[in-house]
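The values are calculated or read from the model by the stated rules, or taken from the named source; none is laboratory data. Being a predicted model, the structure only gives us computed values, none of them experimental. Don't worry about glycine lacking a Cβ; one is built from the backbone with ideal geometry, like all the others, and counts go over all protein chains shown. Please note that ligands, DNA and RNA were not included when accessible areas were found on the heavy atoms of the full protein model with its side chains. Shrake-Rupley method; radii C 1.70, N 1.55, O 1.52, S 1.80 Å.
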Amino acid sequence: MEEKIRAKTDHRVIIGDSRRMEEVEDKSVHLVITSPPYPMIKMWDEIFRKLDERIDRSWSRLEVETDAKMREKYVKRIYELMHENLAKVWREVYRVLVDGGIACINIGDATRSLNGQFRLFANHSKVIEYCEKIGFTTLPYILWKKPTTKPKYKGKGAFLGSGFLPPNAYVTLDCEFILIFRKGGLRKFKPKDEMRHASKYTKEERDSWFTQVWDVVGVKQSIPDIERRVAAFPEEIPYRLIRMFSVIGDTVLDPFLGTGTTTKVAMSLNRNSIGYEIDEGLIEVIKEKVRSFDCSVEIINKIKKFEY
Ligand SMILES: C[S@@+](CC[C@H](N)C(=O)[O-])C[C@H]1O[C@@H](n2cnc3c(N)ncnc32)[C@H](O)[C@@H]1O
């Protein structure tokens, strides 16, 4: 259902590191929607190495270490440090959210062979652990079912000839998580708050959105290479979350903005937005994504060069 009231909205894109969001005041954001780089997924190794030299050093040591026990120590340390870095952002998210504000974090687990062993890195549980330490309340999460890829055998691609013989095959990860957290108690509104009422969803929307499994197909590859490189989420994901957890005129923050999907959807739904993105190379992609909207976007570039 289309919302009826139109509000003039403001949008800011900050090219900078969201581990410190000094441009955003305490308790000024109503909803956070984001998808960070996923720890232990190969495509994000470089960015984590650039973000923290301890991660870089541990990867370099892991590559040359011959002792299996030491290698295991490095694997564990790298994984922990990656989450420690993400937690700096979750701490900032907590600071800037209003009381009763919601944070939706899209993250996938990772499978990988390291130190001679194929294993799962349960990123979703690490994020829950860190967010609870920060003070968030964990709410029921969504499983976003991705189109099925081929099952894996010994972690090495599709099932081969012996793929029907138990017990050495693994379950394929074909769901990602949309973790949902709240800061403090329920958000408070005046009775009959006009904006809240104008932001109502329909019964059909409620019935299909407030379920645990979402079958949303992947991103429309309009700018194929870049959207794939940055792992953009489809607009349907922020669309549902914004309608479910914010009202017209609210401010939505994405601390890992990527190609600007959250900004674009916030514009279309009459919410203000703030986005942080560390890669300066994405400015033009973000501008292109929001071009058709009659909204002004302030772009603040704090980083002159960050390549990964
Ligand atoms: C999974 S992508 C986000 C994709 C986005 N949801 C979209 O639809 O395009 C994660 C993004 O976070 C950015 N990033 C990683 N670390 C960051 C940091 N510390 N501060 C700001 N952005 C960061 C990466 O450059 C990358 O573009």
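Within 10 Å, count the other beta carbons around each residue, average over each peptide in 231-240, 279-288, and list them highest first.
231-240, 279-288
Quick check on region 243-308: what does the Kirkwood estimate of hydrodynamic radius come out to from the alpha carbon pairs, in Å?
12.4 Å
Using the heavy atoms of the protein chains and a 1.4 angstrom probe, tell me the accessible area per residue for region 11-301 in square angstrom.
Dividing the accessible area of region 11-301 by its residue count gives 49 Å².
Enumerate the calculated ³J(HN,Hα) couplings along region 193-210 in order (Karplus 6.51 cos²θ - 1.76 cosθ + 1.60, θ = phi - 60°), each rounded to whole Hz, writing x wherever the residue is Gly or Pro.
Listing the rounded values in order: 3, 4, 5, 5, 5, 6, 9, 4, 9, 7, 4, 5, 4, 4, 5, 8, 8, 8 Hz.
I'd like the FRET efficiency for Arg91 and Ser292, computed as 1/(1 + (r/R0)^6) with the beta carbon distance as r and R0 of 35 Å, rounded to 0.05.
Once rounded, the FRET efficiency stands at 0.50.
Give the angle, between 0 and 90 degrees and rounded to the nearest 10, that separates the Cα long axis of helix 123-134 from the longest principal axis of the Cα atoms of the chain.
Roughly 60 degrees, rounded to the nearest 10.
Using a 1.4 Å probe on the protein heavy atoms, what percent of the accessible area of the chain belongs to carbon and sulfur?
Summing carbon and sulfur atoms, their accessible area is 54 percent of the total for the chain.
Restricting the calculation to Cα positions, tell me the Rg (one decimal) and the Dmax (whole number) of the chain in Å.
20.3, 67
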